[in-house]
Amino acid sequence: TAGVFTTHEEATAKTRTGKSLIIYYSWSGNTRGVAKEIARQTGFDTIELELEKPYSTNYNTVLNEAQRDQHAQARPALKTKITREKWAEYDTIIIGYPNWWASIPMPIATLLESYDFSGKTILPFCSHGGGRFGQSLTAIAKLAPKAKIAAGLSVHYSGGSSLGKDVEKWLKKNGVKK
């Protein structure tokens, strides 16, 4: 079955019981900026995913690499490792990523398949150049079928001057912030 979408009340009840982790992949820095704003407002632990073989820093090259990996459904190896014990501490996982080719970047697929998301709530956020979530929420639901997926936050590029308010509203909507 695909991921279960929870009601506001269910997400709120779940979020209040345990620790939350912000984990994200950022290529250009837009997603990193959103993650830092979420961390600033919440104080949650934050981890940036790093790859064993990073994508090119050249924009045109990374477009080709990202598209190649997506077509191949590649699972790039993550340099970032989280122990099973540490992972078990978190009930809510806030996952951030850029929208690449209307979906998640393949390092996020590696993350979703590498850890047990059973019973966890995922709060997704993405940065994009106009494609909003694309098919990324469907991809997350397929790769983490035993997680609850709460309302996501889609941020145009770096979010601009309204980023702080947009993040605050999203956190409140999901019961992460009163």
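The values are calculated or read from the model by the stated rules, or taken from the named source; none is laboratory data. Keep in mind it's a predicted model, so treat the numbers as computed, not measured. Positions of Cβ are generated from backbone atoms using ideal geometry, with glycine treated the same way; all protein chains shown enter the neighbour counts. Each accessible area value is taken on the protein alone, full model and side chains, heavy atoms only, with ligands, DNA and RNA left out. Shrake-Rupley method; radii C 1.70, N 1.55, O 1.52, S 1.80 Å.
Values computed for the structure shown
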read-out: Restraint check, LYS79/LYS146; LYS53/LYS169; LYS79/LYS165; LYS53/LYS86, Cα-Cα greater than 31 Å; value: LYS53/LYS169; LYS79/LYS165
read-out: Full-stretch length increase - ASN58, ALA151 - with 0.36 nm per residue and alpha-carbon distance subtracted; value: 30.2 nm
read-out: Accessible surface of the stretch 107-178, 1.4 Å probe, proportion on carbon and sulfur as whole %; value: 49
read-out: Descending semi-axes in whole angstrom, ellipsoid equivalent of the stretch 37-123, from the Cα gyration tensor; value: 25, 15, 12
read-out: Kirkwood Rh and Cα Rg combined as Rg over Rh, evaluated for the stretch 48-93; value: 1.11
read-out: Estimated [θ] at 222 nm from DSSP helical runs (n ≥ 4, -39500 (n - 2.57)) normalised by residues in the chain, nearest 500; value: -11000 deg cm²/dmol
read-out: Kirkwood-based Rg to Rh ratio, the stretch 76-178, C-alpha trace; value: 0.96
read-out: Peptides 45-52, 25-32 ordered by average Cβ neighbours within 10 Å, highest first; value: 25-32, 45-52
read-out: Per-selection metrics, the stretch 119-169 (Cα): Rg and Dmax in Å; value: 12.1, 36
read-out: Kirkwood Rh (inverse of mean 1/r, distinct Cα pairs), the chain, angstrom; value: 16.2
read-out: The stretch 78-172, accessible area per residue, ligands and nucleic acids excluded (1.4 Å, Å²); value: 43
